[in-house]
1. I want to confirm something. Restricting to region 394-435 and keeping residues that are free of Cβ contacts under 8 Å to residues at least 60 places away in the same chain and under 29 Å from the mean Cα position of the chain (by Cα), which single residue is surrounded by the fewest Cβ atoms within 10 Å (Cβ to Cβ)?
2. How about region 168-205: which of its residues are of a type in the set (A, V, I, L, M, F, W, C), more than 10 Å from the ligand (Cβ to nearest atom) and at pLDDT 90 or above?
3. Would you confirm whether or not region 325-335 contains a residue that is among the acidic types (D, E) and more than 26 Å from the chain's Cα centre (by Cα)?
4. Given (1) within 16 Å of the ligand (Cβ to nearest atom); (2) in contact with a helix residue (DSSP H, G or I) (Cβ under 8 Å, 6 or more places away or on another chain); (3) at pLDDT 95 or above, identify the lone condition not met by Y246.
5. Count, please, the residues in region 397-423 that happen to be modelled with pLDDT of 95 or more and either farther than 23 Å from A332 by Cα or among the hydrophobic types (A, V, I, L, M, F, W, C) (or both).
6. Check region 336-343 and report whether any residue there is assigned to a loop (DSSP other than H, G, I, E, B), in contact with a helix residue (DSSP H, G or I) (Cβ under 8 Å, 6 or more places away or on another chain), crowded, with 20+ Cβ neighbours inside 10 Å and not assigned by TED's automatic domain parsing to the domain that holds N245.
7. Could you tell me whether any residue of region 134-141 is more than 16 Å from the ligand (Cβ to nearest atom) and not in a helix (DSSP H, G or I)?
8. Which residues, taken from region 377-396, are within 22 Å of S117 (Cβ to Cβ), touching a Leu at 6+ places or on another chain (Cβ under 8 Å) and either among the hydrophobic types (A, V, I, L, M, F, W, C) or not assigned by TED's automatic domain parsing to the domain that holds D341 (or both)?
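The values are calculated or read from the model by the stated rules, or taken from the named source; none is laboratory data. Predicted model only: the values in this text are computed from it and were never measured. Neighbour counts run over all protein chains shown; Cβ positions are idealised from the backbone, glycine included.
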Amino acid sequence: MNPVEIIRNKRNGKILTNKEIDYFVAGFTSGDIPDYQVSAFAMAVYFQGFNSDELYQFTKEMIETGDIVTPSEDMRNYVDKHSTGGVGDKITLIVSPIVAACGLKIPKMSGKGLSFSGGTIDKLESIPGFKVNINRNDFLKQINEIGIGIIGQSDNLAKADKQLYAIRDVTATVESIPLIASSIVSKKIASGSKNIVFDVKVGVGAFMKDIKTGIELANTLVELVKDFGGNSIAIVTNMNAPLGNYVGNSLEIIEVIECLKGNLPKDIEELVYELAGELLIIGGKATDLLQARIMVKEKIDNLEALNKFSDLIKYQSGDSKIINDYNLLPQAKHNIVIKSDNDGYISFINAEQIGMLSLSIGAGRIKKTDEIDYSAGIYLPLKIGDKIKKGDVIGKIFYSKENLKLDNIINIFKSAFEFSINPVDEPTMVLSVIS
Ligand code: URA
């Protein structure tokens, strides 16, 4: 077979045969097909897409390039949750202990931050001692004993994805629905997940910028999981403004703990009840959202979810004393308070801009090799719809890096906000549910 012919066929909109797909995926995973041909192929798929048969075959072949965990019958109570990535998105760290406290098992492999979007693994690594790499046996024992574990992505799962993703990242081909769906689903199926709730984020702070493409991705994910014999639901959610009141790793861990103590900002509350509720239904613990919501509230109110989070930290060698003493988390050396120049109602807060700003103060990586400053981050006390006066505090930046251009940072922060003289409605967080 000839890679050039396969690229040409896809470029011209032809349907690829299973053999062509298998040959191409195996070829780029082994290194026999060079990066420049993989780039051209990714661009051809970006423009021409895959039909559902091609997508299934492509994903199946990606799965077969690495280790495969075979789910067993007694994994009915196992669930997984996946977010396509956002700013201030700490929902996984809140819903996972809640559903584990309800008796589900949630073994999670999570990622690091990508571009402006934060990563669950980076947030957990801000907890002193917390290990995100543990051996398979210890991980399985932990899941058996406490029902929850969160580790970094194994390099041995869907190896093809790692290579393809690195190329997509630098060839403007990340935003392709079949490539995103195959990337996500290959890792989920390879890791043995069968009951999955997807949080498909749309808006300025997400990779999917509009609801139409968000719904298209949500449908594609659900169909693809079904093709592999799994069960999933995709919730399309609003990612225009940063979630909650904090962006930045240790600050978001504090916010997670506060949420598990019952202090949930409204946007987080709406998402937590919806996503934890769907996980309880898909995992067979609740029959409908009403019943599921009652269970979620009970596990927050009686602190069982908080205790699960504490168990998670202890089992993964972290210092669980942080739950009652936030000073044990990394502390920023400096902070600046930012005040409003405007009167009125907040009508917009640009999550992508806040996400990029958080990278520039050290809370994320601009280059892959950058070290994260876990203490760096941004406090956003206000939400869309809030009424403010000139001089009110609209933010606080926590940082330790010296030589930051503070005037620049303050200007970027302020320009992320838009105001209206008329009252503004609070945004709806759950935009669509695809099952
Ligand atoms: N997350 C993934 O794992 N893959 C993508 O392509 C995009 C987001």
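1. Of region 394-435, the ones free of Cβ contacts under 8 Å to residues at least 60 places away in the same chain are 394-395, 401-405, 407-408, 411-412, 425.
Within this subset, residues satisfying the condition of being under 29 Å from the mean Cα position of the chain (by Cα) are 394-395, 401, 404, 408, 411-412, 425.
Working: I394: 23, G395: 23, K401: 13, L404: 17, N408: 11, N411: 11, I412: 16, D425: 9.
Going through the qualifying residues, I end up with D425.
2. Let us first name the residues in region 168-205 that are of a type in the set (A, V, I, L, M, F, W, C), namely 170, 172, 174, 177, 179-181, 184-185, 189-190, 196-198, 200, 202, 204.
Filter once more, so that each one left must be more than 10 Å from the ligand (Cβ to nearest atom): 170, 172, 189-190, 196-198, 200, 202, 204.
Selection gives I189, A190, I196, V197, F198, V200, V202, V204.
3. Applying the first criterion (among the acidic types (D, E)) to region 325-335 yields 325.
Subset that is more than 26 Å from the chain's Cα centre (by Cα): 325.
Yes, that holds for at least one residue.
4. Condition (1) is where Y246 drops out.
5. Within region 397-423, residues that are modelled with pLDDT of 95 or more and either farther than 23 Å from A332 by Cα or among the hydrophobic types (A, V, I, L, M, F, W, C) (or both) number 16.
6. No, region 336-343 has no match at all.
7. Checking region 134-141: at least one residue is more than 16 Å from the ligand (Cβ to nearest atom) and not in a helix (DSSP H, G or I).
8. The answer is I378, and nothing else.
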